[in-house]
1. Work out the length of the dipole vector of the protein assembly as shown about its Cα centre, built from +1 on the beta-carbon of each Lys and Arg and -1 on the beta-carbon of each Asp and Glu, and round it to the nearest 20 debye.
2. Could you line up A:Ser215, A:Ser125 from fewest to most neighbouring Cβ atoms inside 10 Å?
3. Describe numerically, in nm with one decimal, the distance between label points set 7 Å from Cα along Cα→Cβ at B:His203 and at A:Leu7.
4. Starting with the fewest neighbours, write out A:Trp137, A:Trp86 ranked by other beta-carbon atoms found within 10 Å of each beta-carbon.
5. Which of rounded, prolate, oblate describes the range B:37-167, given a ≥ b ≥ c as roots of the alpha-carbon gyration tensor eigenvalues and a/c under 1.5 marking rounded, otherwise prolate only if a/b is larger than b/c?
6. Hey, what D do you get for the protein assembly as shown in µm²/s if you plug the Kirkwood alpha-carbon radius into Stokes-Einstein at 4 °C and 1.567 mPa s?
7. Using a Förster distance of 56 angstrom, determine the FRET efficiency expected from the C-beta separation of A:Val365 and A:Asp413, and round it to 0.05.
8. Which residue, A:Phe302, A:Phe79, A:Phe389, has the most motion in a Gaussian network model of chain A that connects Cα atoms within less than 10 Å?
Amino acid sequence: MSLGLNLNIARVQLLARKRQTVVAMLGVTFGIAMFILMISFMKGVNQFLQDLMMSTTADIRIYNKLNTDYSTSLAGRYFSDPAGKWIIVRHPKPKQVNLNIKNAPGIVNDLRKSDRILAVSPLLSSLVIFNYGPVQWAASVDGVDIMAEDKMFGLSAKMIAGRTDDLLRMDNGIIMGYKLAKDLNLAPGDLVTLTTQSGTQLRCRVVGLFKFGISTMDEFRAYINLASMQQLLGKDRDYITDIRIKLKDTREAKKLAAVYARKYGYTADDWEVVNASIKAGNTIRDTLTYVVSFTLLVVAGFGIYNIMNMVITNKLKDIAILKAQGFTGADIMQIFLSQSLIIGIAGGLLGLLLGFLLSFGMSRVPFPEDGYVSIKFFPVLFESQYYFFGMLFGILTTFLAGMLPALKAAKIDPVAILRG
Amino acid sequence: MQTPVLEAVKLNKYFHEPQEFHVLNDVSLTVQKGEFISIMGKSGCGKSTLLYLLSTLDTDYEGTITINNTVVSGLNERALARFRNRHIGFVFQFHYLLPEFTVLQNVMMPAIKLGALDTAAIEQQAMEKLQQMQMQDLAGKPAGKLSGGQQQRIAIARALINKPDIIMADEPTGNLDSANTAIIFDIFHEIAQQGNTIITVTHDEDFARRSDRIIQMVDGKITG
């Protein structure tokens, strides 16, 4: 009963000073609109960078980590000094090790049975010198199962000449980054010679060119068949150094990496470990967004606080007369707090709309073309949770900003005012 | 038949700012039902202070006030607000209508707050009160647009809406010209004759002379 009357009084008073109400509302509107725009854009940038990164990074990579711990030596065991106290080998030379994963085909087959995994791609990679006429160029060549690699990173979509499966049709075919091809002045159909560090050579025919939009990929990466790579390095058909996994749910990477590391006895890194700098960038952008949005909302909050304080100073007589008529302090608080909240909710809803329109507009602005980055428009994400949080922050801010003046109004002594 | 509607016993009040000052000194007072009382005295004698004590708006005092068999001294803020809403009607010197609301809404507001009747019944009663003040033609006008005399008549209608036990008026003609003062005189006289209990603080000798009883105050004491 009282609430209805109090809300009605609040409404009438708000409508009686439209301009002031609109100004207070616009403060909240702009605060929330900027929050929506900033968070949608920043999250869009995060998503874009993560997608870019994921286009070249596996969710989980299993590999045999090179042991660089030289503190123990066989010499101790040989001379019956198991504690290693008496026999010290100073400055040992690293021994010759094979970095391959033993029983790699078994592990690959085992992984392919899991229903959490989308693709498994074995890899044997090496740095080689490309010879084309007098030109020499060092680049990394990945020996892969091209169909699995395509499933992992969507290679087909990034081909600008030839097709991924041409690699299977051609004996000793090679697919390379378009900038690498440009540097070597190669075109599809040309023959190029690969030379390894140990001096072995392989002549390959260029069958395709790809463009990732990342210069480390486009300028320094090529793909050949796994068997060709094993042949080039003089290894057997089971010699594989890395197994890369794409999961159905990327978020499981951390957990599953630990599981696989334990199960197969090799190091397993998830994508978050490999790309810690991207994660840090995401955190920094998120923090920036929240700091700026918080500042905007605080400014809007101060606007409301000021206006409500002014309103209450102008309404001292009305407050006194309401109290004389039998309105309690709580009623008075309701009247003025609900005015703040009406401003907050109306301004907030407008802010959501404006924020959406601004974000939408931004997502339609063409991104400056530079040939490196494969993006057409500014990246913007549209997620309902940003709008929910925007509204929540808006209401919270106006509630806090309205609370202090409303409390002040509730405590006003009517006698002092009525006596004049 | 004499029924006391208000009884005040040994009221004492002090002002602490700007310096310690004993405003009311052992004031005792009984008001019978249907009485029209004027409190008179020089500025600063404590007559307005007494009125605000009796009206329950001011709670910082010593002594006991009983209105309509309820001891109001010591009641909490919520209970006092409810009590004022039901039992006391106010008329102030500066009329104090809510300017954003229409005349009718101003008159209806205490009754809506009380919540004893539905809106239609309240509206009908409010119109009756306005007719009594001959203000019915202005019912739909915003209160802020009216003259002082008109506002004061509406304030009286508002004070009557909940059929209060006592109507308290603080210098009801203090801010009006002589023509309007005469009208307000007549209205007070009329509502007093209808059996309302009225306590008014006034400077106006003519106004006081038409009341049932005049209480003279000097330096915080009732002298007659």
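A short reminder: the numbers here are calculations on the coordinates, not readings from a lab. Since we're looking at a predicted model, the values are computed, not measured. Neighbour counts run over all protein chains shown; Cβ positions are idealised from the backbone, glycine included.
1. With only Lys, Arg, Asp and Glu charged at Cβ, the dipole is about 1980 debye.
2. Lowest to highest Cβ neighbour count: A:Ser215, A:Ser125.
3. 4.6
4. Fewest-to-most ranking of A:Trp137, A:Trp86: A:Trp86, A:Trp137.
5. oblate
6. 40
7. Given R0 = 56 Å and the Cβ-Cβ separation, E is 0.45.
8. Of the options given, A:Phe79 has the highest mean-square fluctuation.
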